[in-house]
1. With the cut-off at 21 Å, tell me which of the pairs 38/144; 38/138; 38/119; 61/132; 123/143; 17/112 have Cα atoms farther apart than that.
2. Can you list residues from other chains, or at least 5 along the same chain, whose modelled amide H is less than 5 Å from the amide H of residue 90?
3. Express in nm, to one decimal, how much length is gained between residue 107 and residue 77 on full extension, taking 0.36 nm for each residue of separation and deducting their alpha carbon distance.
4. Cut-off is 10 Å between beta-carbons; in what order do 124, 25, 108 appear when sorted fewest neighbours first?
5. Each residue of region 127-140 in order: what ³J(HN,Hα) in whole Hz does its phi give by Karplus 6.51 cos²θ - 1.76 cosθ + 1.60, θ = phi - 60°, with x for Gly and Pro?
6. Read phi for every residue in region 108-115 and hand back ³J(HN,Hα) as whole Hz from Karplus 6.51 cos²θ - 1.76 cosθ + 1.60, θ = phi - 60°, with x for Gly and Pro.
7. Determine, for 73, 90, the number of other Cβ atoms within 10 Å of each Cβ, and report the residues in order from fewest to most.
8. At what distance in nm do the modelled label points of residue 95 and residue 41 sit from each other, each positioned 7 Å from its Cα along Cα→Cβ?
Amino acid sequence: MPSKKAISADNQQERLKTEQWIVGFTDGEGCFSVSIIKNSTTRLGWQIFPEFVITQGEKSKSSLELVKNFFHCGKIYINRRHDNHKENLCRYCVRSIREISETIIPFFQENKLRTYKEKDFIKFVKILSMMKNHQHLKIGGMKKIARLIEKMNRKVPARFLESPETKRQPRQVTRKIEFYPHSDMRGNI
């Protein structure tokens, strides 16, 4: 029969392997995201919405369940697809600011990401710190947060507080040019 110390060492090794797997899985399939959503019930009319997400096809849902069980927080959502893909998407999401602050952030501060996502994580932490200090409740703080969001997840810079509801985008007109290889320039054969 193994000693308690041997069992404890095995458990620590297993936890370390799981932690490393979660870091790698997040580097490949995860996202630290912050959105600004139009919300007329808030004082400024906009809401800051942070979330930690890992996405997988439904066939790999069990991997998301492992992550959820490890963190003891978040939910798994199924996006029933009606497009040309053959399987639904599953998303493990942690949206609670308390769970993000108390569980997700400390884990990734202790277990560093190895890809570009580490830079996104640092901005994510900064945004949550600003929210903790209530900076998101003032227009100046919200603009600072928006500038950080623009630099996350390799996004093309957007305009703060502009959305389909607030600004109508001009429609681009594209012209189809047809070419007939055995014709004159007028399209006659």
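1. On the way: 38/144 17 Å; 38/138 15 Å; 38/119 26 Å; 61/132 33 Å; 123/143 14 Å; 17/112 14 Å.
Pairs exceeding 21 Å: 38/119; 61/132.
2. Answer set, sorted by chain and number: 56, 57, 58, 79.
3. Details: separation 30, 0.36 × 30 = 10.80 nm, distance 2.22 nm.
So the extension gain works out to 8.6 nm.
4. Values: 124 26, 25 17, 108 22.
Sorted ascending by nearby Cβ count, the order is 25, 108, 124.
5. 5, 5, 5, 5, 5, 4, 8, 6, 5, 6, 8, 10, 4, x
6. Here the 3J(HN,Hα) series is 7, 6, 7, 10, 5, 6, 10, 10 Hz.
7. 73, 90
8. 1.2
Read-outs: derived from the displayed coordinates by stated rules, not from any lab. Every value quoted in this text rests on a predicted model; they were computed, and no experiment measured them. Every residue, glycine among them, receives a Cβ derived from its backbone with ideal geometry; neighbour counts consider all protein chains shown.
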